[in-house]
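These notes concern the structure reproduced below.
The values are calculated or read from the model by the stated rules, or taken from the named source; none is laboratory data. Just so you know, these numbers come straight off a predicted model, no measurement behind them. Cβ coordinates were reconstructed from backbone atoms using ideal geometry, including for glycine residues, and neighbour counts include every protein chain displayed.
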Amino acid sequence: MDVLNDIGEIKNKHRGAVVTIGNFDGMHTGHQKIFTTVLEEARKLGVKSMAVTFEPHPMKVLRPEKSLRTLTPLEEKARLMRHYGMDTVLFILFDRNFASTQADDFIRDILVEKLEAKMVIVGHNYTFGKGKKGTTELLRKQGEKFGFKVRVVRHATLEGNVVSSSRIRSLLSWGRVCEAAAYLGRPYAIEGTVVKGVGRGAKILDTPTANITTPNELVPKPGVYAVMAGLGGKVLDGVASLGTNPTFEGTKPSYEVHLLDCSGNLRGERLRLYFIERLRDSIKFPDADALHAQIEADISRARQILTKNKLRPI
């Protein structure tokens, strides 16, 4: 898959594709439905597929006071685009200047002149351009003028609810990772680098943990989770603790994972944590012994959950 980080990187081989446009934050089942449609149409026409998306998320530029926490960092979005079969992804820098682009200009300058799109596929009620004046109706009208086809994909639903990035953000903020996974079509994951911790896990609690720092903006609600961990091409079972370590009067958030049946110094390694099920809240225990006993119970329960788990990480 080709990853283009600027409109200027577009080459002849990227032109004439079936193109979809969107923010695609979360890369959830609704987005996957669109990608499936793009791939089907591209095969019919004998052309490539392309996703056009924006970085940063437009809401961060247009409504910074909302403090939007995105689900999918740029690198993760590109990785998932590749997994879902797209031939090319074009990231367009979204700043105040780009935000002033009129919908008609976006269609003419980018979709027609730069990309020479054969077909444009978007989600239901998708809007674009300054003042959100770009609509599916405008796309169809301009498609007739410039010679590209337009197809609109209906929302994906789950148990009567529309699949949306905002709903997934809410579920994760409540710690409901199982429900979030159903909307995502995979377990929610964060990725980070293992760094030096304070050392309580091995020294005091006899349960070594790997501490990670992560660029992910949205981490599930503090608590203890049964997780799977991607490490060097392997996927291992584990228990993760997200929070401030209240038993030890901690104040700074930390992300720790105990990998089951795995030992060794992981400092500097990259870990991807897939959240399978929430075990409990992060609470203060009377002493280290009580916490250790609870950790043992958490590990036992996590083993049971992960043995039966049917969610596969991507």
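Assorted remarks:
- Some residue of the stretch 282-298 being among the β-branched types (V, I, T) and surrounded by fewer than 18 Cβ atoms within 10 Å (Cβ to Cβ): yes
- For the stretch 79-94, the tally of residues that are closer than 23 Å to L139 by Cα and exposed (fewer than 15 other Cβ atoms within 10 Å of the Cβ) stands at 1.
- Residue check, V235 in the same structural domain as A210 (by TED's automatic domain parsing), among the β-branched types (V, I, T) and either assigned to a helix (DSSP H, G or I) or surrounded by 21 or more Cβ atoms within 10 Å (Cβ to Cβ) (or both): no
- Boolean, G30 is assigned by TED's automatic domain parsing to the domain that holds V150, modelled with pLDDT of 95 or more and surrounded by fewer than 16 Cβ atoms within 10 Å (Cβ to Cβ): no
- The number of residues in the stretch 102-129 being within 17 Å of I34 (Cα to Cα), crowded, with 19+ Cβ neighbours inside 10 Å and either outside the structural domain of F91 (by TED's automatic domain parsing) or of a type in the set (V, I, T) (or both) comes to 3.
- The stretch 276-314 - residue that is part of a loop (DSSP other than H, G, I, E, B) and hydrophobic (A, V, I, L, M, F, W, C) and, of those, farthest from K234 (Cα to Cα): F285
- Conditions (1) at pLDDT 90 or above; (2) outside any loop (DSSP other than H, G, I, E, B); (3) touching a strand residue (DSSP E or B) at 6+ places or on another chain (Cβ under 8 Å): number failed by P187: (2)
For (1) of a type in the set (S, T, Y); (2) in a helix (DSSP H, G or I); (3) farther than 25 Å from V219 by Cα, each residue gets a yes or a no:
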| position | (1), (2), (3) |
| --- | --- |
| D25 | no, no, no |
| Q32 | no, yes, no |
| E41 | no, yes, yes |
| V52 | no, no, yes |
| F91 | no, no, no |
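- Some residue of the stretch 7-15 being assigned to a helix (DSSP H, G or I) and either among the β-branched types (V, I, T) or farther than 22 Å from V112 by Cβ (or both): yes
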